[in-house]
Amino acid sequence: MKNSLFTLMLIAITIAFTSCSKDDAGSGNATLKITAGITNSGLRAMGVVDLNFNSGYVWVREIVFDGSIDGGGSVSRTVERFSKIDFATGVATPSLDDVIIPAGTYNYVNLGIELRDEDTQPAIILDGTYTRTDNTTSPIQFRFNSGEVFEAETSQQVTVNEDEEVLARIVFDPDVWFSVVSTDALDNATVNNDGVIVISEDSNSAIFDLVADRLDVSTQSVFE
């Protein structure tokens, strides 16, 4: 996976938890909390495939926050921190709740997320269930281990008040990722000794390759 997009986003010098940045507008400060979650958009609904992911984690190493404030101002923050974010609870360990941003009305927000890839520990784990066309069910787990970079953006307008805590939530949609995988491929996927369909570079690799190519599709951020 290429990290060129992320390289272009490093427009600030990181100091401790946050970075020096260009702040052209806004008065006072607010605190930004970064979290993540998954959504099941139902792209594979209509009885074609019963595939549902409901838990897991994403392990990040660096996050870049860019925003534009009403009136033409811009804000950039960089957070360098290994943090594992639980999809079910949204809890980041260690926390990502101390990013200071200017108060103001934000017209645009973009989050650049670089995944941890220091060792064999997967950067993304998704756990769920798959029901085959013959109605048999197996647990399914998707494992991804690479320094992938996601760009999650939102164009919603949000007013941030001074001394307020606001939330930036990275939303992944595995339904979109798996929409290119056929029912037949999933029905006949290899099951490990624990009865789990593991989708990884080493297990069911043909399915993994299809899904991995779509990881940056439909990733969004919710700023609230």
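Worth pointing out:
- If you go through the range 84-126 and keep only what is within 24 Å of Glu162 (Cβ to Cβ), open to solvent by 10 Å² or more (accessible area, probe 1.4 Å) and among the hydroxyl-bearing types (Ser, Thr, Tyr), you end up with Ser95, Thr105, Tyr108.
- Among residues of the range 23-74, those that are among the small types (Gly, Ala, Ser) and either modelled with pLDDT of 90 or more or on the phi < 0 side of the Ramachandran plot (or both), counted: 13
- Residues of the range 182-224 that are modelled with pLDDT of 90 or more and of a type in the set (Asp, Glu): Asp184, Asp187, Asp194, Glu201, Asp202, Asp209.
- Yes/no for Val176 being of a type in the set (A, V, I, L, M), in contact (Cβ under 8 Å) with a residue 40 or more places away in the chain and open to solvent by 30 Å² or more (accessible area, probe 1.4 Å): no
- Some residue of the range 187-195 being at negative phi, open to solvent by 10 Å² or more (accessible area, probe 1.4 Å) and within 16 Å of the chain's Cα centre (by Cα): no
- For the range 77-90, a residue qualifies if it is among the β-branched types (Val, Ile, Thr) and over 13 Å from the mean Cα position of the chain (by Cα), and the qualifying residues are Thr78, Val79, Thr89.
- Residue in the range 196-212 that is surrounded by the fewest Cβ atoms within 10 Å (Cβ to Cβ), counting only those that are part of a helix (DSSP H, G or I) and aliphatic (A, V, I, L, M): Ala206
- Residue match in the range 122-139 (condition: in a loop (DSSP other than H, G, I, E, B), over 30 Å from Ser68 (Cβ atoms) and of a type in the set (A, V, I, L, M)): no
- Residue in the range 52-61 that is among the aliphatic types (A, V, I, L, M), in a strand (DSSP E or B) and in contact with a Phe, Trp or Tyr (Cβ under 8 Å, 6 or more places away or on another chain) present: yes
- Within the range 132-159, the residues that satisfy the criterion of being open to solvent by less than 30 Å² (accessible area, probe 1.4 Å), over 17 Å from the mean Cα position of the chain (by Cα) and modelled with pLDDT of 90 or more are Ser138, Ile140.
The values are calculated or read from the model by the stated rules, or taken from the named source; none is laboratory data. Given the structure is predicted, the values throughout are model-derived calculations rather than measurements. Cβ coordinates were reconstructed from backbone atoms using ideal geometry, including for glycine residues, and neighbour counts include every protein chain displayed. Note: accessible area is taken over every heavy atom of the protein model, side chains too, but ligands, DNA and RNA are not part of it. Shrake-Rupley method; radii C 1.70, N 1.55, O 1.52, S 1.80 Å.
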